[in-house]
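Report on one structure; see the data block that follows.
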Amino acid sequence: MKSLLFSLSLGFLFVFSSCKPSKDLSKLPAKNESGNYQAVIEIPAGTNKKIEYHKEKKEFLIDQRDGKDRIINFLPYPGNYGFIPSTFSNPKLGGDGDAADVLVLGESLKTGSVIEIIPIAVLKLIDEKELDYKIIAIPAELKDRIIISENYQNFNSDYPEVIKILESWFTYYDKSQVLEVEGWGDETEAVMEIEKWSSKP
């Protein structure tokens, strides 16, 4: 009985501690040792809570608007939304002051997941006259993919409906903002966008 209680206690401690990362995920390298880009997932696919990673607290918290949890009053996120670590979109250079945004197309991943990705496109949005680019990516691991395209040309030709869905979703998901689609960039532009904001050692 004691061993069972001890095991349950360990399990509880593991679950509780896993909710708060022990290290600053924003400072992970943009690329891992395998040479693949990494994404830190904030909002799992299929959910609608606007979760953001706070570097100072090293926690994932629900964004607040007017003192209330920010819930997307629309269809849930069509992919796993997060950021590329060790990036900073400098407002002085036209950025929004945050890390580079990424949407990973795949099955739902838990908040706090770190996944290797392959950038395949960039969706170029205009948010209140400011550029707001979203990197579109797929998991680097074949077994984790649901989209079988490693570049924009194939993505556009094989999944044109997905492109329309993403454009529509990002245009209308937040009624308090007016977003316009400026266009798309290919995988080369997506990588250039990441590198543009990457922290240099």
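The values are calculated or read from the model by the stated rules, or taken from the named source; none is laboratory data. This is a predicted model, so every value here is computed, not measured. Because the Cβ atoms are built from the backbone with ideal geometry, glycine has one as well, and the counts that use them run over all protein chains shown. Surface accessibility is based on the protein's heavy atoms, side chains included, excluding ligands, DNA and RNA. Shrake-Rupley method; radii C 1.70, N 1.55, O 1.52, S 1.80 Å.
With a point put 7 Å past each Cα toward its Cβ, work out how far residue 48 is from residue 24 in nm, to one decimal.
With each label point 7 Å from Cα toward Cβ, the separation is 3.5 nm.
Order 74, 155, most accessible first, counting only protein heavy atoms with a 1.4 angstrom probe.
Details: 74 75, 155 0 Å².
Listed by decreasing accessible area, they come as 74, 155.
If the label point is 7 Å along Cα→Cβ of residue 175, which residues in the stretch 56-96 have backbone nitrogen under 17 Å from it?
Within reach of a label on residue 175, which here means backbone N under 17 Å from a point 7 Å along Cα→Cβ, the stretch 56-96 contributes 65-66, 68-76.
Straight-line reach from residue 129: which lysines fall under 17 Å, measuring Cα to Cα and dropping same-chain residues less than 8 apart?
Once the sequence-local lysines are set aside, what remains near residue 129 is 92, 175.
Just name one of 94, 29, 106: the one whose Cα is farthest towards the positive end of the charge dipole of the chain (beta-carbon charges, Lys/Arg +1, Asp/Glu -1).
About the Cα centre, the residue reaching furthest to the positive side is 29.
Could you grab the relative contact order for the chain? Cα pairs under 8 Å, six or more apart, rounded to a whole percent.
The value is 20 percent.
Highest mean first, what order results for 47-59, 135-147 on Cβ atoms within 10 Å?
Result, highest mean Cβ count within 10 Å first: 135-147, 47-59.
List the aspartates and glutamates whose alpha-carbon lies under 12 Å from that of residue 27, not counting same-chain residues fewer than 8 positions away?
56
Taking square-rooted eigenvalues a ≥ b ≥ c of the alpha carbon gyration tensor, is the chain rounded, prolate or oblate, where a/c under 1.5 means rounded and, failing that, a/b exceeding b/c means prolate?
Prolate is the answer for the chain, as a/c is 1.5 or above and a/b outweighs b/c.
Quick one: 3J(HN,Hα) in Hz for the stretch 136-152, Karplus 6.51/-1.76/1.60 with θ = phi - 60°, rounded, Gly and Pro as x.
Values per residue, Gly and Pro as x: 9, 9, 10, x, 5, 6, 4, 5, 9, 8, 10, 9, 9, 8, 10, 8, 5 Hz.
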